[in-house]
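Engineer: I am attaching a structure below and will ask some questions about it afterwards.
Values quoted throughout were computed directly from the atomic coordinates according to the rules given, and no laboratory measurement underlies them. Model, not experiment: these values are computed from the prediction. Using ideal geometry, Cβ is built from the backbone for each residue, glycine included, and neighbour counts are taken over all protein chains shown.
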């Protein structure tokens with residue numbers, strides 16, 4: 001796989017930068033919210049307790065998760081720039097390019113959210129009632145959500161997946177221009193990319209699940225149920241996050257190279 005070859009060829013640099021932006025944020029987020037993580041695990045045992053916990057601490061967890069994702073996104077943009085043969089950037093230059101690209105990436109994320117909400121509304125109005133009438137409220141609601149996720153989430157995400165490379169490799173720092181550039185470059189490949197990203201996300205999920213199933217009981221036996229367990233689990237989760245983001249970044253860069261070459265755009 002060419003993406004893995006890119007990682008091996010730049011292993012030391014990618015691991016150093018990746019550890020800072022992918023591993024460290026996971027650990028910091030866990031340390032800062034460790035008490036809340038323990039409380040969340042206990043609250044899951046009771047629906048009423050869970051509701052009270054979400055009302056009291058939900059905003060804090062959402063803020064911590066959002067901050068972690070923002071740092072991850074910053075690291076992804078920097079690594080995309082470092083992988084480019086065209087620029088051969090230093091770490092400092094890559095970080096500067098990532099900093100300039102972050103506002104555009106936030107704008108693209110907001111655009112994707114608007115597209116999904118619009119698709120969910122349209123699907124609910126046009127198909128929701130019919131599906132619920134035919135399949136029942138529970139199943140019909142799930143099918144409606146899945147259709148909306150595929151049409152308004154996965155497909156637009158695939159078509160706009162080249163926007164991050166556009167931000168740091170094509171100088172398209174305006175989110176709308178980056179989105180339009182990505183839509184043009186991915187023309188004719190939307191369904192294939194959507195299917196590929198779906199399978200990749202399933203693989204990431206399975207790796208995370210299997211890792212916790214294999215090592216979770218061991219950590220529990222060694223550390224017991226409490227703060228130490230969550231800290232050790234956080235280290236393990238951080239390592240998985242590091243591998244996931246490095247692979248995802250390398251995949252995006254390889255897709256960018258192939259799509260731009262196919263479209264006749266210099267990569």
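Engineer: Restricting to DSSP H runs of at least four residues, report the calculated mean residue ellipticity at 222 nm for the chain, -39500 (n - 2.57) per run over all residues, nearest 500 deg cm²/dmol. It would help to have the intermediate numbers written out before the result.
Structural biologist: On the way: 13 runs with 219 residues, N = 267.
Calculated mean residue ellipticity at 222 nm is -27500 deg cm²/dmol.
Engineer: Considering the chain, what Rg and Dmax in Å follow from its alpha-carbon atoms?
Structural biologist: 20.4, 59
Engineer: Please state the Cα pair-distance histogram of segment 1-49 with 5 angstrom bins from zero: what percent is in each bin?
Structural biologist: 5, 18, 14, 13, 11, 10, 9, 10, 7, 4, 0
Engineer: Restricting things to alpha carbons, tell me how big segment 160-214 is in terms of Rg and Dmax, in Å.
Structural biologist: 15.1, 45
Engineer: Write down the Å³ per residue value for the convex hull defined by the alpha carbon atoms of segment 1-128. If you can, show how the numbers build up before the last one.
Structural biologist: On the way: hull volume 24.5 nm³, N = 128.
Convex hull volume per residue, Cα atoms: 191 Å³.
Engineer: Assuming R0 = 25 Å, what is the FRET efficiency of residue 218 and residue 41, from their Cβ-Cβ distance, to the nearest 0.05? Could you put the intermediate results ahead of the total?
Structural biologist: Values: r = 18 Å, r/R0 = 0.71.
Result of the calculation: an efficiency of 0.90.
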